[in-house]
1. Can you tell me which residues in segment 79-92 are loosely packed, with under 11 Cβ neighbours inside 10 Å and part of a loop (DSSP other than H, G, I, E, B)?
2. Going by the structure shown, is G76 modelled with pLDDT of 90 or more and outside any helix (DSSP H, G or I)?
3. Cβ contacts < 6 Å: first residue within 15 Å of R56 (Cα to Cα), restricted to segment 67-83; second residue of a type outside the set (A, V, I, L, M), any location; separation 6+ or different chain. Result?
4. Hey, any hits in segment 17-34 for a residue that's in contact with a Leu (Cβ under 7 Å, 6 or more places away or on another chain) and either at pLDDT below 90 or in a helix (DSSP H, G or I) (or both)?
5. Return yes when A3 is in a helix (DSSP H, G or I), modelled with pLDDT under 95 and more than 12 Å from the chain's Cα centre (by Cα) and no when it is not.
6. Scan segment 5-25 and tell me whether some residue there is aromatic (F, W, Y), out of contact with any Lys or Arg (no Cβ under 8 Å at 6 or more places or on another chain) and either surrounded by 15 or more Cβ atoms within 10 Å (Cβ to Cβ) or within 24 Å of L91 (Cβ to Cβ) (or both).
Amino acid sequence: MAAREFSAAPALLIAAQPTRGVDIGATEFVHGQLLAKRNAGAAVLLVSADLDEVLRLADRIAVMIKGEMVGILENGPQLTAETLGVYMLGLDQHTLSSARDCLV
């Protein structure tokens, strides 16, 4: 099924838990395809419970708690799992206006 989705040229690709239950080889394939679509200009929305996957693939990371966005962070070498954990635990959050600024 994933191969069919990757064969098209969508403007938006939504990948929800794309590597759950697949082996390491398939995971590498999926990650490579998601990055290739992004590099080709597609918007890729990755929804994943795998924090390592999110840190490896995402340009920006939105943290939600109980359906509310509490943080949008630019991904890079300075962003750590510990920093994300602070947001995930609800110990810190962006204001709505500062979160909107991150989306521009």
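1. T80, L91 - these are the residues of segment 79-92 that are loosely packed, with under 11 Cβ neighbours inside 10 Å and part of a loop (DSSP other than H, G, I, E, B).
2. Values: modelled with pLDDT of 90 or more: yes; outside any helix (DSSP H, G or I): yes.
Yes: the conditions hold for G76.
3. Every condition considered, the pairs that remain are E74/R60; N75/D59.
4. The answer is yes, given that some residue of segment 17-34 is in contact with a Leu (Cβ under 7 Å, 6 or more places away or on another chain) and either at pLDDT below 90 or in a helix (DSSP H, G or I) (or both).
5. So A3 passes the test.
6. no
The values are calculated or read from the model by the stated rules, or taken from the named source; none is laboratory data. The structure displayed is predicted, hence computed values, not measured ones. Cβ: placed from backbone, ideal geometry, glycine included. Neighbour counts: every protein chain shown.
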